[in-house]
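The values are calculated or read from the model by the stated rules, or taken from the named source; none is laboratory data. This is a predicted model, so every value here is computed, not measured. Cβ placement follows ideal geometry from the backbone for every residue including glycine, while neighbour counts extend to all protein chains displayed.
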Amino acid sequence: MNHIVYMSRAVRPLSDQDLKELLDQCRRDNALHEVTGILFYSHGHIAQLIEGEPSIIDPLYEKIAADGRHSHVMQLANKPISARSFSDWSMAFHPLEAEGFKTLEGFFLPHQVPQTPETLTIADALIVDLVRQAVFGPQQDTLV
Amino acid sequence: MREQQLQTILQHMPAGIVTLLGPELRYGFVNEAMQALLGGHTPEGEPLAAHPGPLTADIREVMGQVYESGVSYVAKAFPLPLTEPETGQVVPRYFDLALEPLHDDHDQSLGLLVFAVDVTAQEEARQRAHTLSLETRRLDARLRVLTETAPQITFTMDAAGRYEYVSPQWYYFTGQPPTADLNAIWPLLIHPDDRLRVLYQSEVARTNGVGWTYEYRLRRHDGQYRWVLSRALPELHAPDKPVFWHGAVTEVHDQRELAEALRRGEEELRFLADSIPQLIWTASAAGFIDYYNQHTAEYSGLSPKELGPTGWVSLLEPAEQALAARRWVQSVATGQEYEGLCQMRRHDGQYRWHIIRARQLADARGLRWFGACTDVDDQYRLRQVLQTQYDELARTNRDLDTFVYTASHDLKQPLFNLRGLFDELRRTATFTDPEQGDLLQMVDQALGQLDGTLHELAATVQQQRELAAPTEQLDLRSVAEEVLLGLRAQVEEVQATIELDMGAAPTLLYGRANLRSVLHNLISNALKFAHPERAPLIVLRSSLSDSGQPLLTVQDNGLGMSLDTEIAAEAVPALHTFERQHPHVAGAGVGLYLVQRIIDSRGGHLVVNSTVGEGTTFSVQWFE
Ligand SMILES: Cc1cc2nc3c(=O)[nH]c(=O)nc-3n(C[C@H](O)[C@H](O)[C@H](O)COP(=O)(O)O)c2cc1C
């Protein structure tokens, strides 16, 4: 079992519709391939963590990295993990029209994203915390 | 019959045919195509001039002359405005009109045979080609202006490596006369160290039919060699071999020097960072480490790749990792300097104390973090050893002090008694031996000396105390923590909880050694008289009295003691009581005695309140 973390920039801002389509497609395909993780999106900033068998997620990462919707894809981690930290695949972003999204499965508003799982090593959790901060900006509770 | 057939063929030929007879050029045979061309009205026998159709005067005149001269003529691409039968639109069409004189057997002129072949398509193509060539010429002129004004030398070279064209900039740059033999001179202007490489690379590119990009030094008109970038692409006449290479030579001297300086600067910095026996690293604006110096790999035994962008945190002592990670996220969020004292794991598993410090640098190239971890383990351990030794020394010193003071104090009373007894003896006893008078004298002297010595001893200790006590603004919490560090063993032994509540009056102007001594004795006292049945809780609280003077209370939940009211007000005797009540606890009296004395010497005041079985509270009024 491996996980991969990367950050990237959207080539052009993603609309609610774009995001919803991405959410639907990824929920479906990732569930099919037993890929779990989370994606953060805000103002063109993207970060994603995916977990799964290397034989699945390595080619998936190659495909995602080549996706024309984003560029400047920078891999931050690709390493073995002892167990999954995410139960499914979800996405967190700020839709322009929050109404249609509230009830969607696998969707979070940025401030509702659960705490970084304890099952990650502290170094890996730090990667997730830093990418989340890079995408959404500082969280209130870190600014004590 | 043959005649008839011929007529039919001629009638339907796609080319127009008409015979014009006699000097008046009267209409004779007109086939269908010609009929259409002439507008349909060609009555046989009528002169052409009466029904000219679209034929203009000039062509009719030429026809007359051909008739006269008997020499044929072809009018090429002659425009005839034709009316389209369906739409009625007039469109220009072009015809080659062949005018053939007709003769009878005696060579007499009979008339003209006119052939009209529609060449509109050819003519239009020709005209298009003409406009195109005009446009090409215009573009060519524009290209020339562009190539000759751009700050570059442009050139065209053939497959043999001969220059076909070079823009005037070459002459400006090199200072060569326009008559210079380009092919002979150019190679000579290339820096001798670059020449062979350039000629070779160009040749290889040409044989392989590919373009090239290379840099070399070219001699400028003032004799200086300047770095230039030469780029060329082949012009392909597919699928054959390219015949020409077109390219440009751009001066890149300044950029190259700048880039060189930057690269050198960066290389030197990196070299510097790699030679320092510290862990040095840089991180992106988002907080991901993108460079670890050589020493980091040597120290940790992990490559930069193994460490990864946040791997430093896994080198820390496990208990310190979470806090350090949180603080780093916070520093990245706020841009505040990161600083910490942490233990970091060496490749052999040993943890060593490090000071970690990271600062943000924002410049034209964006925002970055620069960090360093300094190994302070030796210093840290040395400090700890020194601290323990210092504490021990200070304690011994204090004990000695107190011993001398107490001894001199306690010996005073017996000495006083001895002096009284001796005086009484001298007054009442009779001595017969005269030498005994000297003996008495000697005893008297000895007693006087003893008294003096005791006095001096007490004075010396007193003086030393005061000398050793320069005052300064002290942070009560940090001094208390230092003292607790020294008492760690005792605290741990009885599992005591110690609460510091210094918020109301956090600082005090006092002698450092004295404050330490007061705190040390009061806390160790509280630890000594802990109640055996409950975990000791000691609360130190600093506050301001009603009159605004600083006040320290040390409250415990220990054994406590009974005090008579009178004594409670005056602390000193209480201490003796204290000692008497707990004969099993050693050394309580001396320590508290010292506390009492220190506080006294600064004009302060010590009060004790206690309840047996519940606990004791010492209140120190630092100043009256
Ligand atoms: C930012 C981003 C994240 C993506 N994440 C996933 C993902 O987690 N799983 C997935 O199947 N496709 C993901 N995709 C989509 C893939 O790049 C790709 O478009 C999709 O898998 C469809 O591939 P296919 O056309 O080969 O079926 C992501 C695309 C982008 C732009």
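The strands (runs of 3 or more DSSP E) found wholly in the range A:44-144 and carrying at least 1 residues that are modelled with pLDDT of 90 or more, closer than 18 Å to B:SER284 by Cα and not aliphatic (A, V, I, L, M) occupy A:45-52, A:70-80.
Among the residues of the range A:32-45 satisfying the criterion of being within 14 Å of chain B (Cβ to nearest Cβ) and over 10 Å from the mean Cα position of the chain (by Cα), which is farthest from the ligand (Cβ to nearest atom)?
The extreme case among them is A:SER42.
The criterion of at least 2 residues that are at pLDDT below 85 and more than 26 Å from B:VAL385 (Cβ to Cβ) is met by none of the strands (runs of 3 or more DSSP E) wholly inside the range B:474-578. Only one of the listed residues (A:ASP29, A:ASP24) is among the acidic types (Asp, Glu), farther than 30 Å from B:LEU316 by Cβ and either assigned to a loop (DSSP other than H, G, I, E, B) or more than 10 Å from the ligand (Cβ to nearest atom) (or both). That residue is A:ASP24. With respect to the conditions (1) assigned to a helix (DSSP H, G or I); (2) surrounded by fewer than 12 Cβ atoms within 10 Å (Cβ to Cβ); (3) not β-branched (Val, Ile, Thr), B:ASP105 lacks only one, and its number is (1). Out of A:GLN48, A:GLN75, one residue alone is touching a residue at least 60 places away in the same chain (Cβ under 8 Å), surrounded by 11 or more Cβ atoms within 10 Å (Cβ to Cβ) and within 14 Å of the ligand (Cβ to nearest atom). It is A:GLN75.
Please specify each residue of the range A:93-116 satisfying the condition of being within 30 Å of B:GLU306 (Cβ to Cβ) and surrounded by 15 or more Cβ atoms within 10 Å (Cβ to Cβ). Step through it out loud before you land on a result.
Here is the first cut: in the range A:93-116, the ones within 30 Å of B:GLU306 (Cβ to Cβ) are A:113-116.
Passing the criteria: A:VAL113, A:THR116.
Can you tell me which residue among A:ASP67, A:ASP124 is within 14 Å of chain B (Cβ to nearest Cβ) and either buried (at least 17 other Cβ atoms within 10 Å of the Cβ) or without any contact (Cβ under 8 Å) to a residue 24 or more places away in the chain (or both)? That would be A:ASP124, the only listed residue that is within 14 Å of chain B (Cβ to nearest Cβ) and either buried (at least 17 other Cβ atoms within 10 Å of the Cβ) or without any contact (Cβ under 8 Å) to a residue 24 or more places away in the chain (or both).
For the range B:291-332, residues that are crowded, with 22+ Cβ neighbours inside 10 Å, more than 9 Å from chain A (Cβ to nearest Cβ) and of a type in the set (Phe, Trp, Tyr) total 2. Counted as qualifying within the range B:115-216 are the helices (runs of 4 or more DSSP H) with 3 or more residues that are among the hydrophobic types (A, V, I, L, M, F, W, C), namely B:120-149, B:182-189, B:192-208. One residue stands out in the range A:103-121 among those that are without any contact (Cβ under 8 Å) to a residue 24 or more places away in the chain and β-branched (Val, Ile, Thr): the one that is nearest to the other protein chains (Cβ to nearest Cβ), namely A:THR121. The single condition from (1) over 16 Å from B:TYR291 (Cβ atoms); (2) surrounded by fewer than 18 Cβ atoms within 10 Å (Cβ to Cβ); (3) within 14 Å of chain A (Cβ to nearest Cβ) that B:LEU367 fails is (1). Just so you know, in the range A:8-21 the residues that are surrounded by 14 or more Cβ atoms within 10 Å (Cβ to Cβ) and of a type in the set (Asp, Glu) include one that is nearest to the ligand (Cβ to nearest atom), and it is A:ASP18. Sub-7 Å Cβ pairs linking a first residue in the range B:252-263 that is under 12 Å from B:GLU215 (Cβ atoms) to a second residue that is of a type in the set (A, V, I, L, M), at least 6 apart or interchain, are B:VAL252/B:VAL228; B:VAL252/B:LEU229, ordered by first then second residue.
For the range A:58-72, the set of residues classified as within 9 Å of the ligand (Cβ to nearest atom) and over 15 Å from A:VAL35 (Cα atoms) consists of A:ALA65, A:ALA66, A:ASP67, A:GLY68, A:ARG69, A:HIS70, listed by residue number. Scanning the range B:349-378 for residues that are free of Cβ contacts under 8 Å to residues at least 12 places away in the same chain and either charged (D, E, K, R) or not in a strand (DSSP E or B) (or both) yields a total of 6.
Of all residue pairs spaced 6 or more apart or on separate chains, those with beta-carbon atoms under 6 Å, a first member in the range A:29-41 that is closer than 14 Å to A:ILE56 by Cα and a second member that is outside any helix (DSSP H, G or I) and within 9 Å of the ligand (Cβ to nearest atom) are A:ASN30/A:TRP89; A:VAL35/A:ILE50; A:THR36/A:TRP89; A:GLY37/A:ILE50; A:GLY37/A:TRP89.
Scan the range B:333-355 for residues that are within 19 Å of the chain's Cα centre (by Cα) and within 14 Å of another protein chain (Cβ to nearest Cβ) and jot them down.
Answer for the range B:333-355, where residues must be within 19 Å of the chain's Cα centre (by Cα) and within 14 Å of another protein chain (Cβ to nearest Cβ): B:ALA333, B:THR334, B:GLY335, B:GLN336, B:TYR338.
The number of residues in the range B:197-233 that are among the aliphatic types (A, V, I, L, M) and either within 36 Å of the chain's Cα centre (by Cα) or buried (at least 18 other Cβ atoms within 10 Å of the Cβ) (or both) comes to 6.
Residues in the range A:78-93 that are more than 14 Å from every other protein chain (Cβ to nearest Cβ) and either among the hydrophobic types (A, V, I, L, M, F, W, C) or near the ligand (Cβ under 10 Å from one of its atoms) (or both): A:ALA83, A:PHE86, A:TRP89, A:MET91, A:ALA92, A:PHE93.
Among the residues of the range B:16-62, the ones that are of a type in the set (Phe, Trp, Tyr) and touching a His at 6+ places or on another chain (Cβ under 9 Å) come to 1 in all.
Could you please find all residues in the range A:54-81 being of a type in the set (Ser, Thr, Tyr) and more than 14 Å from A:MET1 (Cα to Cα)? Matches in the range A:54-81: A:TYR61, A:SER71.
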